[in-house]
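Before any comments, here is the structure.
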Amino acid sequence: QVRLVESGGGLVQAGGSLRLSCADSGRTFNNYHMGWFRQAPGKEREFVAFVSWSGTITRYADSVKGRFTISRVYAKNAVYLQMNSLKPEDTAVYYCGASRVIDTVESVYEFWGQGTQVTVSS
């Protein structure tokens, strides 16, 4: 059973940085592809980034490319999202998900964390 817990969100000024963490307390997610999604108020959840189970393939939404970096550390059963040059439009609840299918589509992700709030002030 995959049990995901996100952390690292908070309030930051525009141009600042945050690093989100997603840990699997079930210690089984190393066989899953991992993705980060976000949901802003009044909007649908959208894809942000994914990393393959091997860590060799990553993909980013155009809106975050060059600013965000996804990575995973197998020894810690963790996935990270380093967010730099943050903008007010990055404000959202960020969720990590685990999937056996590598894709940007939310519906293929089987397990989700509870989310962590990121607020970027202008």
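The table for this structure:
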| quantity | calculated |
| --- | --- |
| Residue match in the stretch 57-71 (condition: of a type in the set (Ser, Thr, Tyr) and modelled with pLDDT under 95) | no |
| Residues of the stretch 20-32 satisfying the condition of being assigned to a strand (DSSP E or B) and modelled with pLDDT under 95 | ALA23, ASP24 |
| Residue identified as farther than 20 Å from TRP112 by Cβ, open to solvent by 30 Å² or more (accessible area, probe 1.4 Å) and either among the small types (Gly, Ala, Ser) or outside any loop (DSSP other than H, G, I, E, B) (or both) among THR56, THR69 | THR69 |
| Residue match in the stretch 14-30 (condition: open to solvent by less than 40 Å² (accessible area, probe 1.4 Å), out of contact with any Leu (no Cβ under 7 Å at 6 or more places or on another chain) and on the phi > 0 side of the Ramachandran plot) | no |
| Odd one out for ALA49, checked against (1) surrounded by fewer than 16 Cβ atoms within 10 Å (Cβ to Cβ); (2) without any contact (Cβ under 8 Å) to a residue 40 or more places away in the chain | (1) |
| Enumeration of residues in the stretch 105-119 that are open to solvent by 10 Å² or more (accessible area, probe 1.4 Å) and either in a strand (DSSP E or B) or free of Cβ contacts under 8 Å to residues at least 60 places away in the same chain (or both) | VAL105, SER107, VAL108, PHE111, TRP112, THR116, GLN117, THR119 |
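The values are calculated or read from the model by the stated rules, or taken from the named source; none is laboratory data. Keep in mind that this is a model prediction, so the values were computed, not measured. Don't worry about glycine lacking a Cβ; one is built from the backbone with ideal geometry, like all the others, and counts go over all protein chains shown. Protein only, heavy atoms only, side chains kept; ligands, DNA and RNA dropped before computing areas. Shrake-Rupley method; radii C 1.70, N 1.55, O 1.52, S 1.80 Å.
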